[in-house]
Amino acid sequence: MKVAVLGAGVVGVSTAWFLACDGHEVEVIDRACGPARETSFANGGQISVSQSEPWAYPGAPLQILRWLGREDSPLLFRPRLDPAQWRWMAGFLRECLPGRFDRNMRQMLALGKYSRDTFAELRQTLGLRYDNLERGIVTLIASQQGLDEAAATCRVMQGYGVQKRVVSREELLDIEPALSPVAGQLAGGTYCPDDESGCVHLFTAQLAQHAAARGVRFRFNTRINALEADGDRVSGVSVTDEDGQYRTVRADAYVLALGSYSPLLARTVGLSLPVYPTKGYSATVPLADEAQAPLVSITDEDYKIVLTRLGSTLRIAGTAELAGYSTHLNPARCQALIRRARVLVPEACAHWDQASFWSGLRPSTPGNVPLIGRSRLANLYLNTGHGTLGLTEGPGSGKALAERMAGRQLPFAFGFTG
């Protein structure tokens, strides 16, 4: 087939690669000047199967109420006169039910493991290098109650083959000595040695180069205006090329992989997708002393931020802001990242004032399970809704969709059917 993939982030490029491997003629369309220039540009850098816990869990509503009114809170909710925002919040509350939480986590874990195997496959076959480290991920926990709760989650994950375990404060420091300045504030943590880290932008850009060499056509600086439908099929995509001319791109099949912007385009053919943007922030700071910088990626459970070493820089990322499609940088939230990082690894970076800040819109579903499969339009496929796990799940999602489009059975259970 000829397939038009809409979106050149990690999900779209991964989808294009695996479709090309199946022999399809693939064209990728994106408004940016190159691959991975928006949400796939500067995230936390974690390939974190062990973090596959839905935001929607039974205790989430009470926790969100505690955070209301705090400008630097891990989750900031800005109510808007936006029906999509309120529908998403209603869906989020439904997904907090215990039965839904368990189902969602099972699917996220299965997809995450499949995607981690896909990373290994791509590294081996293509020789990709993206500041990747295979050192695992530690999660910092400040209280005994937190450790007890984490132990219960670890037991569940171990039942699904994810080797996440609780570690003492002493073992935590053995795994990552850079945490010694903050050791006295910690009760312990968790550790998953199979998790990884790496730069999403480098990974996606390199995979795009290989895809282009395999025949995938990339059409950048191209605005996607609308899908055009004819009955139960998409007949074309209205675009504006970089020369300002309106054109219609036609294909046999279309893949919607535009992240948070997917529901806006889906509406042009009458589809309503349960995806809403949650804005995340990151700061990238040059390392001063690499010997003092962490090699293991770190998740701070209480502050909901991650620290990842990417080459000669430290990436600090996190928080979630439900504020529509604004990508404006909130200085309070930017400084909250730096403030916490300076507590955790004070010697790693000498020039914290040289931090470069970024924000990206994570495409989140209420239950954190992405939409991967055919829509109710016969030739329109979805690959969106990955939330904070776009890097973790991206390559596996691309491969999974290619498998489904070829009519092959996935090696794991996944609930979305269109």
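The values are calculated or read from the model by the stated rules, or taken from the named source; none is laboratory data. Because the structure is a prediction, the values reported are computed rather than measured. Cβ: placed from backbone, ideal geometry, glycine included. Neighbour counts: every protein chain shown. In case anyone asks, the SASA skips ligands and DNA or RNA and just uses the protein heavy atoms, side chains included. Shrake-Rupley method; radii C 1.70, N 1.55, O 1.52, S 1.80 Å.
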Anything in segment 341-371 that is among the charged types (D, E, K, R) and either open to solvent by less than 30 Å² (accessible area, probe 1.4 Å) or within 21 Å of the chain's Cα centre (by Cα) (or both)? List them, or say none. ARG362
All-but-one check, ALA151 against (1) surrounded by fewer than 20 Cβ atoms within 10 Å (Cβ to Cβ); (2) aliphatic (A, V, I, L, M); (3) outside any helix (DSSP H, G or I), failing number (3)
What's the number of the only condition in (1) in contact with a Pro (Cβ under 7 Å, 6 or more places away or on another chain); (2) open to solvent by less than 40 Å² (accessible area, probe 1.4 Å) that TYR303 fails to meet? (2)
Only unsatisfied item for LEU273, checking (1) open to solvent by 10 Å² or more (accessible area, probe 1.4 Å); (2) farther than 30 Å from ARG233 by Cα, is (2)
The number of residues in segment 318-339 that are of a type in the set (A, V, I, L, M, F, W, C), closer than 17 Å to GLN354 by Cα and surrounded by fewer than 23 Cβ atoms within 10 Å (Cβ to Cβ) is 4
Number of positions in segment 1-41 that are touching a His at 6+ places or on another chain (Cβ under 7 Å), within 16 Å of TYR254 (Cβ to Cβ) and crowded, with 24+ Cβ neighbours inside 10 Å: 2
Name the single residue that is modelled with the lowest pLDDT among those in segment 69-92 being farther than 19 Å from THR388 by Cα and in contact with a helix residue (DSSP H, G or I) (Cβ under 8 Å, 6 or more places away or on another chain). GLU71
Return yes or no: is GLN85 part of a helix (DSSP H, G or I), open to solvent by less than 10 Å² (accessible area, probe 1.4 Å) and either at positive phi or out of contact with any Asp or Glu (no Cβ under 6 Å at 6 or more places or on another chain) (or both)? yes
What are the pairs, 6+ residues apart or on separate chains, where a residue within segment 127-138 that is over 17 Å from LEU314 (Cβ atoms) has its Cβ under 7 Å from a residue that is polar (S, T, N, Q) and open to solvent by less than 60 Å² (accessible area, probe 1.4 Å)? LEU128/GLN206
Scanning segment 218-251 for residues that are farther than 26 Å from ARG376 by Cβ and open to solvent by 40 Å² or more (accessible area, probe 1.4 Å) gives PHE218, PHE220, ASN221, GLU242, ASP243, GLY244, GLN245, TYR246, ARG247
Selection count, segment 224-271, where residues are under 23 Å from the mean Cα position of the chain (by Cα) and closer than 12 Å to ASP30 by Cβ: 5
What single numbered condition from (1) closer than 10 Å to VAL285 by Cβ; (2) assigned to a helix (DSSP H, G or I) fails to hold for ALA350? (2)
The lone condition THR319 fails out of (1) hydroxyl-bearing (Ser, Thr, Tyr); (2) closer than 23 Å to ALA16 by Cβ; (3) modelled with pLDDT under 95 is (2)
Return yes when ARG103 is farther than 24 Å from SER282 by Cα, part of a helix (DSSP H, G or I) and open to solvent by 30 Å² or more (accessible area, probe 1.4 Å) and no when it is not. yes
Output yes when any residue across segment 382-393 is touching a Leu at 6+ places or on another chain (Cβ under 8 Å), open to solvent by 30 Å² or more (accessible area, probe 1.4 Å) and either farther than 22 Å from ASP102 by Cα or modelled with pLDDT under 95 (or both), and no when none is. no
